[in-house]
Amino acid sequence: MAEQREIYKGREVILRTGAEASTARATAGIGEDEAGADGSELYIDGERIFTVRDAGGAYIASGFAFDPQPTPADLARKIIDYRQTGE
């Protein structure tokens with residue numbers, strides 16, 4: 001899988017997986033040990049969001065305390081919704 005882009009509520013969400021994520025990490029000088037869940041990378045408006053998968057396979061984001069989400073895209077939408085309520 002490569003790169004997926006989506007605009008949600010005016011925010012750009014980018015999900016990179018597989019070779020695309022590995023190449024982006026190498027270019028940015030980020031080690032493989034710093035990869036997100038399943039080696040994927042999630043960005044919201046250019047900000048990298050560190051993700052992990054819980055024991056049930058759902059995605060959670062470092063620094064956020066809300067329910068795990070079934071996909072990285074759902075997680076990004078949840079983060080954007082959360083941030084917009086705080087604005």
Take the residues in segment 57-71 that are in a loop (DSSP other than H, G, I, E, B) and in contact with a helix residue (DSSP H, G or I) (Cβ under 7 Å, 6 or more places away or on another chain); name whichever of them is nearest to residue 15 (Cα to Cα). 64
Those residues of segment 26-60 which are modelled with pLDDT of 85 or more and under 17 Å from residue 4 (Cβ atoms), in sequence order: 41, 42, 43, 44, 45, 46, 47, 48, 49, 51, 59
Return the residue satisfying two criteria in turn: it lies in segment 49-65 and is of a type in the set (A, V, I, L, M, F, W, C) and under 10 Å from residue 75 (Cβ atoms), and of such residues it is surrounded by the fewest Cβ atoms within 10 Å (Cβ to Cβ). 64
Any pair with Cβ under 9 angstrom, 6 or more apart, that starts in segment 60-71 at a residue that is free of Cβ contacts under 8 Å to residues at least 12 places away in the same chain and ends at one that is open to solvent by 50 Å² or more (accessible area, probe 1.4 Å) and among the aliphatic types (A, V, I, L, M): 67/60; 69/60
Looking at residue 71, is it open to solvent by less than 50 Å² (accessible area, probe 1.4 Å) and either among the β-branched types (Val, Ile, Thr) or under 20 Å from residue 16 (Cβ atoms) (or both)? no
Out of the residues in segment 1-25 that are at pLDDT below 90 and of a type in the set (Asp, Glu), state the one that is surrounded by the most Cβ atoms within 10 Å (Cβ to Cβ). 20
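Quick grid of which residues meet (1) in a helix (DSSP H, G or I); (2) at positive phi; (3) in contact with a Gly (Cβ under 9 Å, 6 or more places away or on another chain):
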site: 48; (1), (2), (3): no, no, yes
site: 55; (1), (2), (3): no, no, no
site: 73; (1), (2), (3): yes, no, no
site: 78; (1), (2), (3): yes, no, no
site: 82; (1), (2), (3): yes, no, no
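The values are calculated or read from the model by the stated rules, or taken from the named source; none is laboratory data. Source: prediction; values computed, not measured. Backbone-built Cβ (ideal geometry, glycine too); neighbour counts: all protein chains shown. For accessibility, only protein heavy atoms count, side chains too; no ligands or nucleic acids. Shrake-Rupley method; radii C 1.70, N 1.55, O 1.52, S 1.80 Å.
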